[in-house]
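The next block holds one structure in the form of structure tokens; read it before the comments.
The values are calculated or read from the model by the stated rules, or taken from the named source; none is laboratory data. What you are looking at is a predicted structure, and each value in this text was computed from that prediction instead of being measured. Cβ sites come from the backbone with ideal geometry, for glycine too, and all protein chains shown count toward neighbours. Ligands, DNA and RNA are excluded from the accessible area calculation, which covers all protein heavy atoms including side chains. Shrake-Rupley method; radii C 1.70, N 1.55, O 1.52, S 1.80 Å.
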Amino acid sequence: MGVYKITYSNAVADDLKSFAAPERSQILDEIEVQLAHEPNRETRNRKILVGLVPPWEHVPPVWELRINEYRVFYDIDDKAKHVMVRAVRQKPPHKTTEDIL
């Protein structure tokens with residue numbers, strides 16, 4: 001099974017700046033818990049975004065992790081056991097995923 005290495009694109013630091021410290025902390029903790037093991041297994045809070053072409057560099061498929069009203073977008077290199085977090089967005093209830101990209 002093994003542990004996946006998690007890295008963050010430079011854009012994630014900018015994404016996180018707009019959130020309050022407790023939210024940032026919760027998001028980062030949850031990323032570590034949810035994505036270090038089996039980041040490629042779909043769950044209630046993790047799914048592949050089929051047909052979505054995000055505005056950032058990525059390796060298909062793009063995955064979404066739901067953490068309360070936040071969405072973490074990432075892709076996976078299974079061979080290297082590596083998760084690249086590409087973006088973190090707040091998703092208000094009335095917005096679609098495409099709206100927040």
Q. Looking at segment 10-46, which of its residues are of a type in the set (S, T, N, Q), more than 11 Å from the chain's Cα centre (by Cα) and surrounded by 13 or more Cβ atoms within 10 Å (Cβ to Cβ)?
A. Gln26, Asn40
Q. Leu52 fails exactly one of the following numbered conditions: (1) more than 21 Å from Lys79 (Cα to Cα); (2) in contact with a strand residue (DSSP E or B) (Cβ under 8 Å, 6 or more places away or on another chain); (3) modelled with pLDDT under 95. What is the number of that condition?
A. (2)
Q: State the number of residues belonging to segment 79-100 that are farther than 12 Å from Glu69 by Cα and not in a loop (DSSP other than H, G, I, E, B).
A: 8
Q. So which residues in segment 16-74 are over 23 Å from Lys95 (Cβ atoms) and of a type in the set (Gly, Ala, Ser), if there are any at all?
A. Ala21, Ser25, Ala36
Q) In segment 80-99, how many residues are without any contact (Cβ under 8 Å) to a residue 12 or more places away in the chain and crowded, with 16+ Cβ neighbours inside 10 Å? A) 0
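Can you pull out the residues in segment 50-79 that are open to solvent by 50 Å² or more (accessible area, probe 1.4 Å) and either within 13 Å of the chain's Cα centre (by Cα) or touching a residue at least 24 places away in the same chain (Cβ under 8 Å) (or both)? So that I can check it myself, show each step before the final result.
Our first condition is that a residue be open to solvent by 50 Å² or more (accessible area, probe 1.4 Å); within segment 50-79, this holds for 50-51, 53, 55, 57-61, 66, 68-69, 77-79.
Passing the criteria: Pro55, Glu57, His58, Val59, Pro61, Arg66, Asn68, Glu69, Asp78.
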